[in-house]
Amino acid sequence: PGLAAGRFKIAWETFSATPERLKQVDFVMFLKAGLAVSTSPDKKASFSGDTPLCGKRIGVSAGSASDFLVDKLGKECTDKGQKAIEKSVFNSSTDIVQAVLS
């Protein structure tokens, strides 16, 4: 909103260039990054097979690439007749880590 309103010239953050956002602002994509998944050691074995996230509760940062990816993967799960991914959206990475640890 700040860019579209002209309050800022640049916004620097880990944004995802979604089609909706591209309708409002231009992106300069100079970095490609990957996603990492973490879990507690006692649950590691439950993440195996072709669709290891189906039926799991997944915490993501609001508006992040993983936020959008989990939606896509969740649809793939249900399209295959498996349980959907239960997505929980957090405002920060530290909140996600705390949720996994608790």
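None of the figures in this text is laboratory data; all of them are computed from the coordinates on show. A quick note: this is a predicted structure, and the numbers were derived from the prediction, not measured. Don't worry about glycine lacking a Cβ; one is built from the backbone with ideal geometry, like all the others, and counts go over all protein chains shown.
Worth a mention:
- Modelled FRET efficiency - R0 41 Å, Asp79 with Trp12, Cβ distances, 0.05 increments: 0.65
- Loop-located trypsin sites (Lys or Arg not before Pro) in the stretch 57-90 (DSSP state not H, G, I, E or B) with no more than 14 neighbouring Cβ atoms inside 10 Å: Lys80, Lys83.
- Dividing the summed helix terms, -39500 (n - 2.57) for each DSSP H run of n ≥ 4, by the number of residues in the chain produces a 222 nm estimate of -8000 deg cm²/dmol to the nearest 500.
- Ranked for footprinting exposure by Cβ neighbours inside 10 Å, fewest first, Val97, Val89 give Val97, Val89.
- Relative contact order computed over the stretch 34-101 (Cα-Cα under 8 Å; 6+ residues apart), in percent: 37 percent
- Check: the chain dipole with +1 on Lys, Arg Cβ and -1 on Asp, Glu Cβ, in debye: 40 debye
- In plain terms, if you count all Cα to Cα distances in the chain and split them into 10 Å steps from zero, the share in each step is 12, 38, 31, 15, 4 percent.
- A Förster radius of 30 Å combined with the Cβ-Cβ distance from Ser48 to Glu20 puts the calculated FRET efficiency at roughly 0.30.
- Cβ-Cβ FRET estimate between Val28 and Ala62, R0 fixed at 25 Å, reported to 0.05: 0.65
- Linear extension gain, Val37 paired with Val89, 0.36 nm per residue minus alpha-carbon span: 17.2 nm
- Annotation: the residues Glu13, Glu76, Glu86, sorted from fewest to most other C-beta atoms within 10 Å of their own C-beta, follow the order Glu13, Glu86, Glu76.
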